[in-house]
Each structure stands twice: as structure tokens, then as C-alpha cells.
Amino acid sequence: MKLAILGGGGFRVPLVYGALLRDTASPRVDEVALYDQSPERLAVIESVLSQLAKGYDDPPKVVVTTDLDKALEGAHFVFAAIRVGGLEGRTRDERVALNLGVLGQETTGPGGLAYGLRTIPEMLRIAERVKALAPEAYFINFTNPAGMITEALQRVLGERVIGICDTPGGLGRRIAGSLGIDATRVQVDYVGLNHLGWLRRLIVEGRDRLPEFLANAHAVSALEEGAIFGPAWLQTLGVVPNEYLYYYYFNRDAVRSIIDQPNTRGEFLARQQADFYRAAGEDSGHALDLWRQTIAERKALYMAEAKGKRHDDTPEADALEIETEEAGYERVALAVMAAIARDEKSTIILNVRNGGTLSGLDADAVIEVPSLVDANGAHPLATTAPDLHQLGLMQQIKAVERLTIEAATTGSSDAALKAFALHPLVDSVSVARDLLRGYVDAEPEIARVLGQD
């Protein structure tokens, strides 16, 4: 099978290739086409993959190209993890918002809306090429903001588009591990949108073990989400939120902490990745070692503002020993491909079309829930209704996402303004107007989308 990876020069591509190397079942991916607009980044990642493949008898063939059509032709699966505007665009997303005293974050709040505005038109252009060249391929979307982008793509490619995120599944595995339970025996009850969801139950042999976990303050404190939210708040909620809900539940704390940082997450990654690509380009023989060191540092300082850390901290030694070849979005991607290609039925938390799963949202709204994946694709499983505060937040964010899609596809500045103004993390229409003007002035891609370039 052929896999096309769009954004093939991206920093996390080796995680996916590593998962493919360890997959020995049949059929399996035997060709990987890496598409990227940067030949330099492609060359570096090709070196990393070549070194990763040493010791494997039959590694998937790697083809690198700057030609989108060449990458797509004959593909059985398409992975998309592109970043329109690069990390420089991300830093502008962050700073425009922070300069107005509101959240600057890649996927949550106004920064996520700006990211969506400039990304959706390019993703829809790609979708049209997929429809023309690989109409039977399944399109697995990593591109953020993942829920919004997946919903936009489904307008072209239908339910063959599946959005993935490693956070919900990883959360369930970590809670199970803290209870000494084999994660493969666990059924996770999770509901929400991408980066806006709640783990409500952890079912083992018909019994919900989540209350047992929440009652143990020591176990909760040891969980990453416990460190972010505090055990008392999780015990008050009675559920475990996705870590990105920190930006809603502790918004003022988050904004203050990010402003107090020496640099934003985007600025940290821009510097770190520039250093990596430069060093690996100059010393390609050690590209894999450089990549492993860099990704360990990146993971150790993830969500630093929520953990009392700084992006310029030196990571602790034990944090740098993270096994980068385990648990991540590559695990989810491989599970989805295996379920579809080999009909290995599996239940995975994915971003999929709602249908009739949640009555409070439209049928074509993309939601993030446990889904059965088989040879016919991904199908959301029936679930109990969210609590009122959960559903209300989901509905408001879904309205904002749809306004952003409308603005990105029609060029409507009014829709863009409404998206910013109605977002719960933007506290006034005046601020929304300033945000929109700030993004138009700072980001050529957004100005172009809204016809103001």
C-alpha cells in the first residue's frame, strides 16, 4: 500500500515512519511518499528515516517530492500535517492575541481561529486534488485545528476524512496505568470536540473505575492533567478534562503565565526546529540522533505555562529519557490504517461526523468520540448525552468553527468577526475587531483569504 504524507518534511514524520517499520502484518504500507514545499526539510527528514530503517529487513520505500500530484497518485491513505505560514505564522497567531490580553495558543481561542482561516483554503485545494487523483483513499487529518479542518475537508471528501488526535486515547491509557490495569482491557467513555473533551468513565469488566482513580489524590496528582488542573478541581468535576480545557477553566492564569514566559511555544519551536534542520543538514550522518534529542526536549516542555515551567528551562534528565517511539499520534494513525486495510476492527477516539450520536449538534458536525473502525471506515458509537455545561461549550465552539469555515471559504469579514466575537475566550466585540484587524495586518495569508491584501 502507498501512504502519502503531506507536510513530509515535518518534524514529527519520523514518528509515523517508526510505527510503519514496526508493523509486520499484511497488507502493510510498503511505499511512503513525502510531499513538502521545502526540499531542504525533505532532505533532512529523508536522512532521519534512512537511519531509522537500519536493521529492518523490509522497510517501506521512501520517495520525496515537491510535486503534490506525484505524491497523491495511487495513494491508499493520505496523511496531512501541514502548517500554512510555517512556525512564523504560529508566532504571529500567538502574539496578536497576547498583545490584546487574550489567549495566544495554536488551536484554542483566537490563535486557533487565525490558524484555521489561513489553513482551510489550502486544505480544500488539496482535497480537490485527492478527489481527482486518489478518490478511494482515506484521508487522515493531523492538521490543526484538527476538528475544524476535518469538518471543512468532509465537504469535499465526505466521511473518508478522519481526524485524529493522540490526547484522548493517551489520557485513558495513562489513567489505566495508574490503576495497574492493562489498557487493552479498558473501555473509555469520552465525549467532546477536538481539544475540548472530557473522559467520563473508565470501564473495566463492566465497572467504572474512574471514581476510584479520582478518590486517590496521590494518583491524580501524578497524572499530567492532575498537575495542570489540580486534584481538587478534577474531583469536583467528577471527570477528567482534555488538557486543553486548562485554557478555559483557568483562562486568566493561562494568559498571565504565557505573557510572563520569555517566549511563546511557537517562538520556542521556531528556534528549536531551525537549529535542528540546520544542524542535521550540515551533519546528515547524525540526523537521527539530533532528531531524538530535539523531540525529547520538545516533549519535556510541552504546555510549560500550565506546569509552572518556562520554555527556556533546561529539561530534567528523566524527562529527556522519554521513549519517542511509543504512544503518540502515530499509534492512532497506524491503528486507523490497520483497521481499514486489514478489517482489524478497533475502537478508537476519533474526529468523525456526528450523524445522530449527539442530539445537541447537527448531523454533519465533526465531534470527537469513541468510534468503531473497520474496512468501511469510522463509525461513531452511541454515547450518553454530555452534561449541560459540556454541551453548551461544545455548541458555542462548534458555532465559532463553522463561522471560521464560512469566512475562509467565502472571504466574509463579517463571518470572521462573528467567529472572534462569539468565542468564549474573547471578552468583547471591540477586542474581536482589534483581533481581526491585527491578524489581517500581520498575516498575508489571512489578508488574502479575506480579500484585504
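The values are calculated or read from the model by the stated rules, or taken from the named source; none is laboratory data. No experiment lies behind these values; they were computed from the predicted model shown. Virtual Cβ from ideal backbone geometry, glycine too; neighbours counted across all protein chains shown.
Annotations for the structure displayed:
- Any hit, the range 19-37, residues being within 21 Å of T119 (Cβ to Cβ), of a type outside the set (V, I, T) and surrounded by fewer than 16 Cβ atoms within 10 Å (Cβ to Cβ): yes
- Answer from I446, I405 - the residue that is surrounded by fewer than 22 Cβ atoms within 10 Å (Cβ to Cβ), β-branched (V, I, T) and in contact (Cβ under 8 Å) with a residue 60 or more places away in the chain: I405
- For the range 363-412, the set of residues classified as assigned to a loop (DSSP other than H, G, I, E, B), among the acidic types (D, E) and more than 20 Å from Y244 (Cβ to Cβ) consists of D364 only.
- The lone exception for V191 - which of (1) surrounded by fewer than 24 Cβ atoms within 10 Å (Cβ to Cβ); (2) of a type in the set (V, I, T); (3) not in a loop (DSSP other than H, G, I, E, B) it fails: (1)
- Residues of the range 50-102 that are on the phi > 0 side of the Ramachandran plot and modelled with pLDDT under 95: G55, G85, G86.
- E330 vs. criteria at pLDDT below 95, surrounded by fewer than 14 Cβ atoms within 10 Å (Cβ to Cβ) and either farther than 25 Å from V161 by Cα or under 21 Å from the mean Cα position of the chain (by Cα) (or both): no
- Qualifying residue in the range 296-313 (condition: modelled with pLDDT under 95, closer than 18 Å to N144 by Cβ, in a loop (DSSP other than H, G, I, E, B) and of a type in the set (F, W, Y)): yes
- Filtered by the rule that a residue be farther than 29 Å from I203 by Cα and under 15 Å from the mean Cα position of the chain (by Cα), the range 124-149 gives F139, T143, N144, P145, M148, I149.
- Between I348, I340, the distinction of being in a strand (DSSP E or B), buried (at least 18 other Cβ atoms within 10 Å of the Cβ) and of a type outside the set (F, W, Y) belongs to I348 only.
- Restricting attention to the range 427-453, the residues that are in contact with a Lys or Arg (Cβ under 7 Å, 6 or more places away or on another chain) and either farther than 19 Å from T410 by Cα or among the β-branched types (V, I, T) (or both) add up to 3.
- The range 247-280, subset of a type outside the set (V, I, T) and not in a helix (DSSP H, G or I), residue surrounded by the fewest Cβ atoms within 10 Å (Cβ to Cβ): P262
- Criterion (of a type in the set (G, A, S), buried (at least 24 other Cβ atoms within 10 Å of the Cβ) and more than 17 Å from the chain's Cα centre (by Cα)) met by exactly one of A114, A97: A97
- When the range 414-431 is filtered for residues that are surrounded by 15 or more Cβ atoms within 10 Å (Cβ to Cβ) and either of a type outside the set (V, I, T) or more than 24 Å from the chain's Cα centre (by Cα) (or both), the ones remaining, listed by number, are A415, A416, L417, K418, A419, F420, A421, L422, H423, L425, V431.
- Subset of the range 56-86 [surrounded by fewer than 17 Cβ atoms within 10 Å (Cβ to Cβ), small (G, A, S) and in contact with a Leu (Cβ under 9 Å, 6 or more places away or on another chain)]: G74
- A single entry from E406, E401 fulfils the requirement of being acidic (D, E), touching a Pro at 6+ places or on another chain (Cβ under 8 Å) and within 17 Å of G112 (Cβ to Cβ): E401.
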